[in-house]
Amino acid sequence: MATLLLSSHLAAAAYSSTTSASARPAPRFVSFRSTAPKGGRRVLASSVQPSSPPPAPAAAQPFRSMAPSETTVLVTGATGYIGRFVVRELLRRGHPVVAVARSRSGLRGRNGPEEVVADLAPARVVFSDVTDADALLADLSSQGPIHAAVCCLASRGGGVQDSWRVDYRATLHTLQAARGLGAAHFVLLSAVCVQKPLLEFQRAKLKFEDELAAEAARDPSFTYSIVRPTAFFKSLGGQVETVKNGQPYVMFGDGKLCACKPISEEDLAAFIADCIFDEGKANKILPIGGPGKALTPLEQGEMLFRLLGREPKFIKVPIQIMDAVIWVLDGLAKVFPGLEDAAEFGKIGRYYASESMLVLDPETGEYSDEKTPSYGNDTLEQFFERVIREGMAGQELGEQTIF
């Protein structure tokens, strides 16, 4: 799943390199602390204090014996790639849904508020800024009680500051707001790659995972599910059009450096919705992939050529090229701090070019196809067939550019 993220980010990173280090905000990290004011009520607090204290958790709303129609679910990241499908799946199952959204969504914010409301109907759409704790609390104050929450937030590009702003702080704000409205269960959309954290967004996600588990340990009435999917279909579809137009399939090394068990957005949304009521998924980390065996980039390319009825034609890029790019960018970032994100994007590309999106077996230290659970029915081959017929409409990659 090798990505060439550099091309989509270097221009912006170069522009920001003119900003001095002192002018850029230093990262401020948020953490829970348990306080016990008079009366014994425990509150969720933050080292980045909003102008008003976070609300004390409302009494957790027991819900697993209730019908879906009586169980309200809060979803943040509702206009994101996976979040939209999660909202639709929850609605399909009969849940009332409170969907927190940006006022503009879609690729480069092309959809306005009216389109967002129509896309997520009949969910109750609340426009708010999840990176602003006060604003989120105020905007959601009239939406309770909430029984469960699903957080589908993710930083758009994986930049250093953005990772901590979204993957950690905004996610923490979601938890604080959900607990303030009585949520008894929290489903976090994480990523399987956090098991080998070499990147800033992975560290940010792991920090929140740890605090989510600590919150459940402090309050037995509160539970969580951490969902760690493998690759998404759209992240593997970036070369379909170019190969269809006669170009070779590009891969790093021999095309066998890594593998994944990709899962469709619909199947992943269904798995996330399962976590609401399934007590067997409570207080667990849940890696999940799609059906079938793990596929290397070489096998993905061969599949694509077979579906197109063409002889395979590959370009094999030495992985050392990315190492050289990262070395240069790391050096430049020490002189021009605004380039730190460009260096991070290079590291992200290198990671996905060489690390498998599978469960890492702690006993062997190797990635394991067998230990990576499968779920759903949609296959990558079916996805490729659809993209060959219809193109990538609705699957645009935006900042997650692949080749």
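The values are calculated or read from the model by the stated rules, or taken from the named source; none is laboratory data. Source: prediction; values computed, not measured. Backbone-built Cβ (ideal geometry, glycine too); neighbour counts: all protein chains shown.
Inspection of segment 229-239 identifies at least one residue that is modelled with pLDDT of 95 or more, farther than 30 Å from Lys313 by Cβ and within 21 Å of the chain's Cα centre (by Cα). In segment 317-337, the residues that are at pLDDT 90 or above form Cβ pairs under 6 Å with partners that are small (Gly, Ala, Ser) and not in a helix (DSSP H, G or I), at six or more places apart or across chains, as follows: Ile319/Gly253; Phe336/Ser17.
Let's see how each residue does on (1) part of a helix (DSSP H, G or I); (2) crowded, with 19+ Cβ neighbours inside 10 Å; (3) assigned by TED's automatic domain parsing to the domain that holds Ala213:
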{"position": "Gln300", "(1), (2), (3)": "yes, yes, no"}
{"position": "Leu304", "(1), (2), (3)": "yes, yes, no"}
{"position": "Leu307", "(1), (2), (3)": "yes, no, no"}
{"position": "Glu311", "(1), (2), (3)": "no, no, no"}
{"position": "Ile315", "(1), (2), (3)": "no, no, no"}
{"position": "Met322", "(1), (2), (3)": "yes, yes, no"}
{"position": "Trp327", "(1), (2), (3)": "yes, no, no"}
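Within the set Ala217, Ala213, Ala204, the sole residue that is surrounded by 24 or more Cβ atoms within 10 Å (Cβ to Cβ) and outside any strand (DSSP E or B) turns out to be Ala204.
Restricting the first member to segment 119-131 and to residues that are under 20 Å from Val166 (Cα atoms), and the second to residues that are polar (S, T, N, Q) and in a strand (DSSP E or B), the beta-carbon pairs closer than 7 Å and six or more apart or on different chains are Val130/Thr76.
Restricted to segment 62-88, and to residues there that are buried (at least 22 other Cβ atoms within 10 Å of the Cβ) and of a type outside the set (Val, Ile, Thr), the residue that is farthest from Arg156 (Cα to Cα) is Phe63. Here the condition is being more than 26 Å from Ser69 (Cβ to Cβ), surrounded by fewer than 24 Cβ atoms within 10 Å (Cβ to Cβ) and among the charged types (D, E, K, R); of Asp129, Asp139, it holds for Asp129 alone.
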